[in-house]
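Reading through the structure tokens given below for one structure.
Please treat every number below as a calculation from the coordinates, not as lab data. This structure is a prediction, so every number in the text was calculated from the model and none was measured. Here the Cβ is made from the backbone with ideal geometry for all residues, glycine too, and neighbour counts use every protein chain on show.
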Amino acid sequence: MFNIRKKNFGKLDLKLFIILLALVIFGLIVLFSATSTLSNKTILSQVIATVIGFILMAFVVCIDTDFIKKFYMPIYVICNVLLFLVLIFGTGKEQWGSNSWIVIGSFRFQPAEFVKIGFILSFARYLEINQKSISKPKTLLKILAFGGFPILLILLQPDAGTAFVFIFIMAIMLFIAGLDLKYFLGALGILVLSSPILYSRLEPFQKKRILTFLNPEHDISDSSYQALQGRIAIGSGKFFGKGYMKGTQSQFNFIPEKQTDYIYPVLVEEFGFIGGFAVIALYLLLLYRLVVLAENRKDSFSKFVIMGLAAMFLFHIFENIGMTLGVMPVTGIPLPFFSYGGTYQLINLIAVGIVFSVSIQKDALSFE
């Protein structure tokens, strides 16, 4: 599992680490403000999760990539078992609209967040094995079945937001693997033609979110309330912001879920356009470093893993910020390194740890 001799620690990307550190610190600063009117345990638990996350990151960096490749199928099976358990024991529909959480005593977690990592690792290996014939219909059907099964289990929760994250990750990885462009165009055409059917099968709360996106003011006392308050906060921040912990929309609790899905409006209200732009710039630098690391890898597995994780971050960043600005529908997608959630913070830090691990791996073996 561990083979330090296969790691070139001299190639550890310090630029990526500095960007990560800046995002994490800034995230904790904003979260402290967002939770100042809530329980003090909120920020404390996030700090603890962050510390544990960095420890796990150091642990993950030392894992031999070849070990992961050998055990990609057990990883895949464990991921699907976790998702099956959610269908049986999952809770949360009354509060969040889907039974996506498992509760064990006082501990609550969302298995799909852990599955994202396992899915990327196992799917990357499966792609590597089948890459040479990826554009052949028979091979592509196998790949789509492999990647589509866990997505189906997530849709059954039902959690369309998380399912779209997986679909986006899979699409990016297929593109990087060299899948013929005609398949992407065909999939896009099918999606457009089937959109009325897909809409009819959505849950009522999911339809409300789409209607709110199309007409933000149609129900300002209910489904449009969160989106409206978020935009008020962003607009009132102007260029320099109202000052740290001086945002009226956030400090007087006008913004629902201000510590999770809607933390970006808290940031912009208090730090203004300057703060909002700075965070977006940091995210762009993070994604740029991931692309650079992927391009520098000679083996397909490492490229697929890094680009899969980059796709995961990109979807979360674009959807979360986009929904607060009104250019994307409102979903329960959190903002990496800013939104409250111990599990989510751990997953993001582990994800970066995996990037470091595969980027400094040398002499990768082939197990085909």
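Tabulated data
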item	result
Extended-chain gain in nm, criterion 0.36 nm per residue less alpha-carbon gap, K362 and L56	108.0 nm
Extension gain from E203 to V103, taking 0.36 nm per residue of separation minus the Cα-Cα distance	33.7 nm
Peptide ranges 296-302, 344-350 listed from the most packed, as the mean C-beta count within 10 angstrom indicates	344-350, 296-302
Cα-Cα P(r), region 35-115, percent of pairs per 5 Å interval	3, 12, 13, 17, 19, 17, 11, 5, 2, 0
For peptides 193-202, 303-312, 271-280, sequence by mean Cβ density within 10 Å, most packed first	303-312, 271-280, 193-202
Label point distance in nm, L191-N296, each placed 7 Å from Cα along Cα→Cβ	3.2 nm
Ranking of T37, T343 by count of other Cβ atoms within 10 Å, fewest first	T37, T343
Additional length obtainable on full extension of the chain from K132 to V47, 0.36 nm per residue less Cα span	26.1 nm
Separation in nanometres of the label points that stand 7 Å from Cα toward Cβ, at L144 and R231	3.7 nm
Förster radius 56 Å - calculated FRET efficiency between F252 and M73 (Cβ-Cβ, nearest 0.05)	0.60
Under-5 Å amide H pairs with W101, H placed in peptide plane, nonlocal only	T91
Label-point gap, in nm, between F175 and I29 - each point 7 angstrom along Cα→Cβ	3.3 nm
Other-chain or far-sequence residues with amide H under 5 Å of R297's (modelled H)	none
Integer Hz, Karplus 6.51/-1.76/1.60 couplings in order for region 295-307, x for Gly and Pro	5, 7, 8, 8, 8, 5, 4, 4, 4, 5, 5, 4, 6
Diffusion coefficient, µm² s⁻¹, Stokes-Einstein with Kirkwood Rh over alpha-carbon pairs of region 204-306 at 20 °C and 1.002 mPa s	136 µm²/s
Per residue, the convex hull volume that the Cα atoms of region 254-368 enclose (Å³)	118 Å³
Per residue Cα convex hull volume in Å³ - calculated over the chain	141 Å³
When each of K7/K142; K11/K70; K15/K182; K69/K132 is checked by Cα-Cα distance, pairs over 27 Å	K7/K142; K15/K182
Three semi-axes of the equivalent ellipsoid, region 125-282, Cα gyration tensor, whole Å, largest first	39, 21, 13
Ranked by how many other beta carbons lie within 10 Å on average, peptides 178-188, 117-127, 227-237 from highest	117-127, 227-237, 178-188
Value of relative contact order over region 4-359, rounded to a whole percent, pairs C-alpha under 8 Å and six or more apart	28 percent
